[in-house]
Amino acid sequence: MLEICLAAAIRHGNFPGTKIPYLWTIDLLLMLPWIADPRKRTTLVSIKPLESERYLRIDPLDRGAEKLEAERRFAADIHATYLIGDASLYPEKIFAQLESIVGCANLPAAHHLTRILKDFLDADGPEKAQQESLTETHARLRQDWNLPLHHATFLLDHMLWHQHIDCDLSRHLHRNRPPRPGGRRLRRGLRDMLGGGTP
């Protein structure tokens, strides 16, 4: 970072009251397993309130923009993707929806529901689920697949998380209606953005 700052004419900075160079950190380091090239799987993210006055109108004396530029150059030096993240860039509803089903994201391979999930997906489960309400899909899992309430709920939310059923989680989820498509498109756009492309 000392070399990067020197090349960019950016003051590196020291710990307050010392001559010890400041230790730079990054807010998020993401490893993106869906990207084939291992050198491009790394994404560095600086989390900043982009809608705040500080970033809407850059003050030349404020080092915030300089720090972002130094972080961008660091990412380029290690051949990583770099982006600035802020909750305002994403649909507000998506965070609450994802938080409500995150507990269903992982299904161990040895779990008995894994076999039921495969059978459901191999049958016409997802296609039917696009046409019926989520409540009806839940009832079908309970009745046709003989699942208790908590297993049916887990499996349905697992399918929503992984978009086996195309459902736009950035909009309010009405469980008494068919899922609103668009979730797969949104996921592709987010993956493209995180991987350095444009959504």
**segment 120-129 - phi-based ³J(HN,Hα) in whole Hz, Karplus 6.51/-1.76/1.60, Gly and Pro as x** = 4, 5, 6, 7, 9, x, x, 5, 5, 5
**Asked** Residue separation times 0.36 nm, minus the C-alpha to C-alpha distance between Ile47 and Trp24: what's the value?
**Response** 6.9 nm
**Item:** Residues of segment 102-143 with amide N under 18 Å of a point placed 7 Å along Cα→Cβ from Met31
**Value:** 106
**Item:** At 0.890 mPa s and 25 °C, Stokes diffusion of the chain via Kirkwood alpha-carbon radius, µm² per second
**Value:** 122
**Asked** Tell me, what ³J(HN,Hα) does each residue in segment 19-24 have, in order and in whole Hz, if you take phi through Karplus 6.51 cos²θ - 1.76 cosθ + 1.60 with θ = phi - 60° and put x for Gly and Pro?
**Response** 10, 7, x, 4, 8, 6
**Request:** Show which aspartates and glutamates lie in cross-link reach of Lys93 when reach means a straight Cα distance below 15 angstrom and same-chain residues fewer than eight apart are skipped.
**Result:** Asp168
**Fill in**
Once phi for every residue in segment 111-118 is put through the Karplus expression 6.51 cos²θ - 1.76 cosθ + 1.60 (θ = phi - 60°), the whole-Hz ³J(HN,Hα) values, with Gly and Pro written as x, are 5, 5, 5, 4, 5, 5, 4, 4
**Item:** Sum of -39500 (n - 2.57) over DSSP H runs of 4+, divided by residues of the chain (222 nm, nearest 500)
**Value:** -13000 deg cm²/dmol
**Request:** Compare Ser46, Ser170 by solvent-accessible area with a 1.4 Å probe and give them largest first, with all protein chains kept in place.
**Result:** Ser170, Ser46
**Item:** Nearest-20 debye value, segment 78-199 charge dipole, Cβ charges on Lys, Arg, Asp, Glu
**Value:** 80
**Fill in**
Log entry: pair-distance distribution for segment 100-147, C-alpha pairs binned every 10 Å from zero, whole % per bin is 23, 54, 23, 0
**Message:** Counting other C-beta atoms within 10 Å, and keeping those with at most 14, which DSSP coil trypsin sites (Lys or Arg not before Pro) do you find in segment 62-134?
**Reply:** Arg63
**Request:** Springs between alpha-carbon atoms under 10 Å, Gaussian network over the chain: tell me which of Leu149, Leu121, Leu23 tops the mean-square fluctuations.
**Result:** Leu23
**Message:** Rounding to the nearest 10 and keeping the result within 0 to 90°, find how far the Cα-based axis of helix 149-161 lies from the longest principal axis of the chain.
**Reply:** 50
**Message:** Could you work out how much longer the chain between His150 and Leu98 gets when fully extended? Use 0.36 nm per residue separation minus the Cα distance between them, nm to one decimal.
**Reply:** 16.9 nm
**Fill in**
With Cα springs under 10 Å, the Gaussian network model of the chain assigns the largest mean-square fluctuation among Tyr22, Tyr90, Tyr82 to Tyr22
**Prompt:** Which of Lys48/Lys118; Lys19/Lys67; Lys19/Lys48 have a Cα-Cα distance over 29 Å?
**Reply:** Lys48/Lys118
**Prompt:** Pick from Pro108, Pro126, Pro91: which residue has the top mean-square fluctuation in a GNM of the chain where Cα pairs under 10 Å get a spring?
**Reply:** Pro108
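The values are calculated or read from the model by the stated rules, or taken from the named source; none is laboratory data. Quick caveat: nothing in here was measured; it's all calculated off a predicted structure. Note that each Cβ is placed from the backbone with ideal geometry, even for glycine, and that neighbours are counted across all protein chains shown. Note: areas computed on protein heavy atoms with side chains; ligands, DNA, RNA excluded. Shrake-Rupley method; radii C 1.70, N 1.55, O 1.52, S 1.80 Å.
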